[in-house]
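No value in this document is a laboratory result; all are computed from the given coordinates. Keep in mind the model is a prediction, meaning the values are calculated, not measured. Cβ atoms come from the backbone with ideal geometry, glycine included; neighbour counts cover every protein chain shown.
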């Protein structure tokens, strides 16, 4: 087992380059240098030792308890020297570093495999449609009040942006939304009719009051719209009136 109290921070240098390599070891520096110079060395220190004139220099003796402490100190030194270091792998990653690295890798993966992910999600959603539907229904029921409050708060704080986004989405997906709406209505027609009938029965007075209030508040606009419709359809209206008159005349019993 390594005695971390013997830890040394070192660098490899060469008169043939301005670049350096930083590392740590509990071995004698000469022994560690020898290891770096071996043919089977696949470490980035090869960029320094390849010149054949590399030297190892002690940066500091760093007495510590764990290998993690040693790696952390090594990374601090690497960061100090910046681009001058040929170290290509970080000696130490904090929780924040690991998260940032993970997020970066995940973002890159999502971009590279965008279509495959999209196909997988679509396939999974189709194969587990009822399961997903039940899951969301359960979650909504258990968190209904919280979700409604959150939605109301979000809408109040982002009203203009939400309206613009919704309008843009409806415009860009007009045909698709129309098709989905028609499909949903066809598949759930009886349920929707029963719901509408029940709602009208339970809210009859409320609906009457609402409609009356709307008509009163929009009286001029409603009348204007009626005049416009009559003007636009006057030929059809006149034709229909003539047909009704002819029907009544034909059905009139002769005196």
Select from the stretch 37-56 the residues that are surrounded by 18 or more Cβ atoms within 10 Å (Cβ to Cβ) and over 45 Å from the mean Cα position of the chain (by Cα) and write down the one among them that is nearest to residue 87 (Cα to Cα). 49
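Sort out which residues of the stretch 20-36 are touching a residue at least 24 places away in the same chain (Cβ under 8 Å) and either out of contact with any strand residue (DSSP E or B) (no Cβ under 9 Å at 6 or more places or on another chain) or buried (at least 17 other Cβ atoms within 10 Å of the Cβ) (or both), and write them in order of number.
If we filter the stretch 20-36 for residues that are touching a residue at least 24 places away in the same chain (Cβ under 8 Å), which is where we start, we get 20-24, 26, 29-30, 32, 36.
20, 21, 22, 23, 24, 32, 36 - these are the residues of the stretch 20-36 that are touching a residue at least 24 places away in the same chain (Cβ under 8 Å) and either out of contact with any strand residue (DSSP E or B) (no Cβ under 9 Å at 6 or more places or on another chain) or buried (at least 17 other Cβ atoms within 10 Å of the Cβ) (or both).
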